[in-house]
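These notes concern the structure reproduced below.
The values are calculated or read from the model by the stated rules, or taken from the named source; none is laboratory data. Quantities reported herein were computed from a predicted structural model and do not represent experimental measurements. Counting neighbours? That spans all protein chains shown, and the Cβs are built from the backbone with ideal geometry, glycine included.
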Amino acid sequence: MRKILISLVSAAVAYGAAFLIIYNFLAKREEASRWVDHTNKVVRLTQAVLLDCVDMETGCRGYALTHQTVYLKPYTAAENHIQRSLLELKNVVSDNPIDVEHVEKLTASVSRLKELLQQFRSATATILPQAKATMDDIRQQVVEINATEATLLQKREAVLANVRHASVVAVGAFSMLGLVLLVWAGVASVRALGKEALERLVAERTAELRQARDEAIASRVVAETALAVRSRFLSTVSHEVRSPMAGIIGLTEILTMQDLGTTNNATVQNIFESSKRLLQILNDVLDAARMESGNIKLEYRNFPLRAVLGEVRQLVIPEADKKKINVTGACEAAVPEMVCGDELRVRQILLNLAFNAVKFTDTGHIDMSAALKERGEQKTVVRFTVTDTGIGIRPEDQTRLFEPFAQGQDSTARVYGGTGLGLSISKSLVEMMGGEIGVESDPSKGSTFWFEIPFLDAGCRI
């Protein structure tokens, strides 16, 4: 009995050691997850700074060339947002002297760019090369910051990999040692307990150990696969995809304003339109990804609903004029002048529906309207409609119209293009705001898309 007791105690110690090793590995994995989150946050903030710089540059460039104040809207928004991003970035990298130095250089370059752009807004064309050089400095600083973070993350992941391998070996060794000790205790117990009882005990213990081992292996595989998928996705998104696209669109738009000859002007215009479509596809994919991960938040402010409807109509008219389609719009007199909601998301939904109407309409007209459905002390419900005389949608296709990557018919994507994400994104945004969306369509007459949004008065930011 003494040998059996010693063997059982030793086996317990071995399995306790294995448990401690597993616990240590889980703690290391949690720490690695925080490293990944830290790196992703640095990459997100640097990309935000870079996008704000691009918005400021393209906005000032457009204003200096056209003197249209609409180009100053992205400039003003980016100027207000970029300082918060720089401050947050500085706080995040405060524990890394190399990144701190890069962030200080980045902050200086951003300040220099703002000074140059203030001069460029006064139509001082000689500032353009300096502004371009400053933007190159900003991009270089962003690349260096991301490279530093990537290097640190690789080193930390290498440490985690070594810990993982060592943990697997140690757990296996201690588990085998415990199993040997248990078997030894079992063999010693044969004389006292009998062979049959011992075999039953060993079989039950072995089955439990195998089940625990299989569950541990399956959990580890699932966790590592999820971490790898997430890392690949964030790595892909973090590439400077939107930045060069925004630059191409801005520079191409400038070229469209110049006389390059009939053939060249047509070519540049095609490049400009294709770039805008590609950027819209990219934005749709990113919006869908952010919605799936729950990273989109609404911002409630008072805004003029009639002005938003008019701006959307003005944005759609140039595309409709190319097809000689008449675009009309009306806002019912009962609709309040100011409502409380997310102006950006309401505009995004209207633009999605309006541009879809233009895309699928070859002749006739498009009408956009807003009407008051309900007015109470706490909320105001407005119903928006976008009606076209396009190809229409078959009843059997309407049920899946708002699903991701779905379009009315199989041939629609081939003929008209698009990702099939616009309506899915619109539906998600409407539901986030507590509303609903639907469609009424006749393949021979056209379609009417509608959505209703309750604008809540409580808790609105002025």
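Can you work out which of the residues in region 317-361 that are touching an Asp or Glu at 6+ places or on another chain (Cβ under 7 Å) and polar (S, T, N, Q) is surrounded by the fewest Cβ atoms within 10 Å (Cβ to Cβ)? Step by step, filter region 317-361, then rank; the result is Thr328.
When Ser426 is tested against (1) touching an Asp or Glu at 6+ places or on another chain (Cβ under 6 Å); (2) at pLDDT 85 or above; (3) not β-branched (Val, Ile, Thr), only condition (1) is not met. Does any residue of region 350-362 turn out to be in contact (Cβ under 8 Å) with a residue 12 or more places away in the chain and farther than 17 Å from Asp388 by Cβ? No, because not a single residue in region 350-362 is in contact (Cβ under 8 Å) with a residue 12 or more places away in the chain and farther than 17 Å from Asp388 by Cβ. Exactly one residue among His81, His67 is surrounded by fewer than 20 Cβ atoms within 10 Å (Cβ to Cβ) and on the phi > 0 side of the Ramachandran plot, and that residue is His67.
Among all positions in region 226-244, there is at least one residue which is more than 30 Å from Gln141 (Cα to Cα) and at pLDDT below 70.
From the residues in region 358-381 that are of a type in the set (A, V, I, L, M, F, W, C) and touching a helix residue (DSSP H, G or I) at 6+ places or on another chain (Cβ under 7 Å), which one is modelled with the lowest pLDDT?
Residue satisfying both the conditions and the ranking: Phe360.
Checking region 256-274 against the condition returns a match, with at least one residue being in contact with a Phe, Trp or Tyr (Cβ under 7 Å, 6 or more places away or on another chain) and at pLDDT below 90.
Got at least one residue in region 79-95 being touching a helix residue (DSSP H, G or I) at 6+ places or on another chain (Cβ under 9 Å), β-branched (Val, Ile, Thr) and within 30 Å of Met257 (Cα to Cα)? Yes, region 79-95 contains a residue that is touching a helix residue (DSSP H, G or I) at 6+ places or on another chain (Cβ under 9 Å), β-branched (Val, Ile, Thr) and within 30 Å of Met257 (Cα to Cα).
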